[in-house]
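Beneath this line is the structure, given in structure tokens, with notes to follow.
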Amino acid sequence: MSETPHHKNILKATGIFGFAQVLQMGVQVITTKVVANILGPSGIGLVGMFQNVLQLILTAVGFDLLKVGTREIALNSSEPMKYQKITEQLLRIGILVGFLGALVSIAFAQFWSQFFFDTKAYTSWFYYFSIYFFAWGLTQGRIALLQGLRKVRVYATFQVVQVVVLSVLSILLYHNFGLQAVWMVILAGALVPMILVWYFTKEEKIYWSWNFLHLSQTYQNNQAIIHLGLLLSVNAIIGQLCFLGIRSFLQHQDNFALVGYYEVSQALLVKYMGMLFVAMSYDFYPKLTSYISEPKKANKLIEHQIEIAMYLLAPAIAVFYVIGEYLVPLLYSNDFLPALEILQFGWLVLLLKAFTFPVGFYALAKGDKKTFFWQELLGDFGNLISSLIGYTYFGLIGLGLGWVISYLLYGVIVYVILYKKYSFELNYNALEKYFMLILAVFTLGALHYWNLWQWLQWILVFTIVTYSLRKLILVWKR
């Protein structure tokens, strides 16, 4: 490994957020188990559909405020005047976004209910969700403040407290009201973070005022931020539509039960295993943004981020391969075991994402809106097409296979684009260090798929875990 502080700093930041994520996961395991038993696969599928629709609306009106805000604060945090101005404008944009989201939710309430759920029964729920959007808008600017300033410990604490409070509320509401509590839980999911983030940012001296004359001023003074956010929003809308397309396709194949299996596989990959990428993004993206004017430092940071991600993910994937059949009933119930078919190939996506995730941020950190837009568009449509084709020909296992193919193509294409446009290049000598690790995980996946030589599977698990831990210990001692 190169003699540089990046490895250890990355591991420290990831460790803090990772520990917070593990605490959250422990709480969520209990919550998910209880909720899954109350709602069942169809109920979980219904919740997933609502969350997807709300996320679609948020991406349409939200200007990707968190991502844009984090970037702007990271770039200007060393200049007090610029920092104060950016902070004020982000909070004002948040209010506008909240009003816009509430308006869209109320004005099209009947349409959302009829179009996505084939019934008008949920119209009133979308009226309630107007409060959700307004609270979300008030929250994002302050979360961007914590991320952009890299307040690692404060943000990690905020996350843990938020999950604990929401988990308790979710269990109580679902236990007492069943499916009728869906709108209440979703609403709490915006109100609780709003209250908590104001508490955790109270030490930041933010002086700002608001009146309706600021409406035009906010746009005029922040056109660059708003235009970037708008482009990212369009990108995110397309991504949400693609995911919604997959869910709608599965719903028409087998009602909400199939969507429930898909939601569980997504939860295991994104909520539990994906917590590493969440932890990485909090520290990595602001740091990459501050380094982006120095290509060598930026490239080195990306290389080290990939390496640490590989050493953290590989052993986790190996263990999940052999305990998956026990894990799903533990987290959910035996009704959700079909989700393991999706995860047969789905676990391998995480290794590919360890590469595509850091590399994919490069264009955005550069401020290259168009390149980032087109690369994400490619990834979204690739996921949609490969998932639909995969399920059509191979069933549930084809969904996971489709993810692997789409991530592989996405990674290759993005790397080629960045290489040609920015002469971006990774150190292949460094990448070779964990090529055998990747090969070992893929071999384990193949043996598990064909149910061959269980003794060899356990040997591979032991080897992958010990090798990765040894590498991480060496990093920590530097």
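The values are calculated or read from the model by the stated rules, or taken from the named source; none is laboratory data. The shown structure was predicted, so the numbers you read here are calculated from the model rather than taken from an experiment. Here Cβ is always computed from backbone atoms with ideal geometry, including for glycine, and neighbour counts include all displayed protein chains.
Observations
- Condition met for T356 (under 24 Å from L396 (Cβ atoms) and among the hydroxyl-bearing types (S, T, Y)): yes
- When residues of segment 271-284 are limited to those that are within 17 Å of G360 (Cβ to Cβ) and at pLDDT below 70, the one surrounded by the most Cβ atoms within 10 Å (Cβ to Cβ): A279
- Yes/no for L447 being closer than 27 Å to K297 by Cα and touching a residue at least 12 places away in the same chain (Cβ under 8 Å): no
- With respect to (1) modelled with pLDDT of 70 or more; (2) under 19 Å from W136 (Cβ atoms), the lone exception for M81 is condition (2).
- Filtering segment 310-344 to residues that are of a type in the set (F, W, Y) and touching a helix residue (DSSP H, G or I) at 6+ places or on another chain (Cβ under 9 Å) leaves Y311, F320, Y321, Y332, F336.
- Of I438, I405, all but one fail to be part of a helix (DSSP H, G or I), out of contact with any Ser or Thr (no Cβ under 7 Å at 6 or more places or on another chain) and surrounded by 12 or more Cβ atoms within 10 Å (Cβ to Cβ); the exception is I438.
- Any hit, segment 242-258, residues being among the polar types (S, T, N, Q), assigned to a helix (DSSP H, G or I), in contact with a Lys or Arg (Cβ under 8 Å, 6 or more places away or on another chain) and at pLDDT below 65: no
- A residue that is surrounded by fewer than 20 Cβ atoms within 10 Å (Cβ to Cβ), more than 27 Å from the chain's Cα centre (by Cα) and not in a helix (DSSP H, G or I) occurs somewhere in segment 452-467.
- Among the helices (runs of 4 or more DSSP H) confined to segment 127-230, the ones with at least 2 residues that are modelled with pLDDT of 80 or more and surrounded by fewer than 18 Cβ atoms within 10 Å (Cβ to Cβ) are located at 152-177, 182-200.
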